[in-house]
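Before any comments, here is the structure.
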Amino acid sequence: MSLHLVFSEQGMDSCLKRRHPTDIVLMLDDGVYACPLWHQANLPSNMARLLRTDADARGISAAQRGAIETVDYEGLVALTEAHSPIVSWKD
């Protein structure tokens, strides 16, 4: 199972076209603004994560986040240890 690191809304567009349904997507940096794209695609919230510090810094509300779980830096490291390959999306 792959881990997709999404750094922008455009990156999310590219990721959604290529990811496997069992892959985890982590939105970080400006990628946290892509929460609405995830929800509009009707994808399961348990397959996505947000880096908490980036979401907080950019004012992403709980309503925008929905059921998507947030992770701290330890959670980010755990995800990178548990998944291979790791694919970055910025576009």
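How big is the Kirkwood radius of region 3-89, worked out from every pair of different alpha carbons and given in Å to one decimal? Intermediate values should be presented prior to the final figure.
Working: mean 1/r = 0.0800 Å⁻¹.
In region 3-89 this quantity evaluates to 12.5 Å.
Can you sort 70, 53 so the residue with the fewest Cβ neighbours within 10 Å comes first? Display every interim value, and only then the final one.
Numbers: 70 18, 53 15.
With the sparsest Cβ surroundings first, the list reads 53, 70.
Across region 51-64, in residue order, what do the Karplus-derived ³J(HN,Hα) couplings come to in whole Hz, using 6.51 cos²θ - 1.76 cosθ + 1.60 with θ = phi - 60° and x for Gly and Pro?
Per residue, the Karplus-derived 3J(HN,Hα) values read 6, 4, 5, 6, 5, 5, 5, 9, x, 6, 7, 4, 5, 5 Hz.
Tell me the net charge near residue 74. Cut-off is 12 Å between Cβ atoms, residue 74 excluded, with +1 for each Lys or Arg and -1 for each Asp or Glu.
Counting the neighbours of residue 74, the net charge comes to -1.
Just need the relative contact order of the chain here, percent rounded to a whole number, with Cα pairs under 8 Å and 6+ apart. Numbers along the way, then the final one.
On the way: 158 pairs, mean separation 37.7, N = 91.
That works out to 41 percent.
Quick one: Karplus J couplings for region 23-32, per residue in order, coefficients 6.51, -1.76, 1.60, θ = phi - 60°, nearest Hz, x for Gly and Pro?
7, 8, 10, 10, 8, 9, 6, 6, x, 5
Would you mind ranking 4, 83 by Cβ crowding within 10 Å, fewest neighbours first?
Going from sparsest to densest Cβ surroundings: 83, 4.
Rule-based calculations on the coordinates, nothing more; no lab input. Computed from a predicted structure; not experimentally measured. Here the Cβ is made from the backbone with ideal geometry for all residues, glycine too, and neighbour counts use every protein chain on show.
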